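Here's the structure, in structure tokens; my notes come after.
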Ligand code: SF4
Ligand code: SF4
């Protein structure tokens, strides 16, 4: 815990480094000689494309349309199929240790801030701009710092288990059994294909979000010669950043909603495994069947009584 | 006051054959508006530096575009395009997101760094010396935020006023065109039709930009 706090303090102080109020812009990438590159690259470049997309508010409408569609799908799912209940009285399986839970908790908290503040910025004019939206922007920046901290433990702990497996295809075909009321074991390891998809959106995608967001925040950075590596002008880096950030942001917002729905509603009480670290035995047996088999074969848990109730997957 | 239409919107034009790279316009602007050190609304750029016969200098600031891409992309809609063509924006509403900079073909929007985290402050750009919007004209507050409002006082923008070679022109576009045309025919070379000159084309002749 102390290590984490120290790390947070370091990151925060790096942000707090007092930059000079007036940086000399004489050799700026964006405003000095680099400006010429901007002008040359405008016509037919990303500037035009960005102006077209943003000028028509496609991002703002896009995010609302897609989120409403997802929420509609949830409502249908809830009404037609309903949440899955697993016994909470049975044995428990220890699934997540303290570092996993804390880093996941920090990430969760930061996303709870990042997603709505991001959407508010997209709809800035509807909120009147000014101080309120500015404050949302500041929150967005601060939450990013916390998210950045939480990413690395998750990468360290989960990446190997998140690699795709052949049975994930079978999981995809039956959509994890969520389209049926019946409970029967589904082909999934410690993480099912849906969770894996979410991981690959949230973690590598999150890193891209951090990088593109940082580019927009620091704007005229020189220390990192990104533009040189990419062979484009600084302003094109920024234009790519904003487009990638917005599109990926919409994808992230959607997956985030799905994740919340799954944890809090679709699987009754699933959220507790990320609070106290224990998953219900029945839930593990049914939703993470291969992990169950793995744990049994490694003698980490005893053979479950649920083998009498449900089939065993091959 | 004359009626404004597409032919007499206020415009800047820098005559490359006259600009001598003295940076007077940029300095005049900095001083007149008391801009912070990190902000430079107008700057002189030299192209093909050192290449004999090809070196040209030109002065760039906000070009007050007709279709103003900055205003199209602003998520808080803080831009106001006046009937005379001056593009102004409201610093109270601006959230400093930088989108206007990404959309602007000229890198005109500037961002002061303020606050403990070095966050971007409200966008700052050339106002054609016309101050701000939703703010009392010629008030101290307006000066603090946007600098001088010379247009309200009936003066031309300070950059063009002090340009020693009168390379930097500002005014109603049909008059600018006429002055430029006279110059071209007097010196016997140059782009005859100002609308064909690259600067003009990029800045103003943009029906199909978006
Ligand atoms: S030059 Fe840039 S800031 Fe000025 S009106 Fe055009 S797009 Fe906007
Ligand atoms: S920086 Fe300000 S003026 Fe520019 S697009 Fe963002 S909110 Fe609008």
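Bear in mind these aren't lab numbers, they're just calculated from the coordinates by the rules spelled out. In this text the structure is predicted, and so the values were computed from the model without any measurement. Because the Cβ atoms are built from the backbone with ideal geometry, glycine has one as well, and the counts that use them run over all protein chains shown.
Worth a mention:
- Mean per-residue shielding of peptide B:131-141 is 0, counting Cβ atoms of other chains within 10 Å of each Cβ.
- At full extension, residue A:214 and residue A:152 could sit 20.6 nm farther apart than now, given 0.36 nm per residue minus the alpha carbon distance.
- Once the Cα-Cα distance is subtracted from the 0.36 nm per residue extended length, the residue B:195 to residue B:175 segment shows a gain of 5.9 nm.
- Peptide ranges A:271-279, A:68-76, B:123-131 listed from the most packed, as the mean C-beta count within 10 angstrom indicates: B:123-131, A:271-279, A:68-76
- Distance cut-off 25 Å, percentage of C-alpha pairs in chain A lying past it: 59
- Look at the stretch A:47-56: the mean tally of other chain Cβ atoms within 10 Å of its residues' Cβ atoms is 6.
- Mean projected area of the Cα convex hull of the stretch A:49-138, taken over all directions, amounts to 9.9 nm².
- Per residue of chain B, the DSSP helices (runs of n ≥ 4 H) give a summed -39500 (n - 2.57) that works out to -7000 deg cm²/dmol at 222 nm.
- log10 of Debye I(q)/I(0), alpha-carbon scatterers only, for the stretch B:33-157 at 0.19, 0.22 Å⁻¹: -1.08, -1.37
- Estimated from helices alone, the mean residue ellipticity of chain A at 222 nm is -21000 deg cm²/dmol (sum of -39500 (n - 2.57) over DSSP H runs with n ≥ 4, per residue).
- Peptides B:150-156, A:195-201 ranked from most to least packed, by the mean per-residue count of other Cβ atoms within 10 Å: A:195-201, B:150-156.
- With eigenvalues of the C-alpha gyration tensor scaled by 5 and rooted, the protein assembly as shown, Å: 58, 22, 20
- Building the convex hull from the alpha-carbon atoms of the stretch A:249-290 and averaging its projection over directions returns 3.6 nm².
- Listed peptides A:254-266, B:185-197 appear in the order A:254-266, B:185-197 once ranked by packing, highest mean of other Cβ atoms within 10 Å at the front.
- Förster radius 56 Å - calculated FRET efficiency between residue A:299 and residue A:226 (Cβ-Cβ, nearest 0.05): 0.65
- FRET efficiency, 1/(1 + (r/R0)^6) with R0 25 Å, evaluated for residue A:311 and residue A:169 via beta carbons: 0.80
- Computed from Cα atoms alone, the Kirkwood hydrodynamic radius reported for chain B is 17.8 Å.
- Calculated FRET efficiency for the pair residue B:20/residue B:136, C-beta based, R₀ 30 Å, to 0.05: 0.20
- Using alpha-carbon coordinates, inclination of helix B:173-187 to the longest axis of chain B, degrees: 30
- Calculated on the Cα set of the stretch A:180-314, radius of gyration then Dmax: 21.3, 65 Å.
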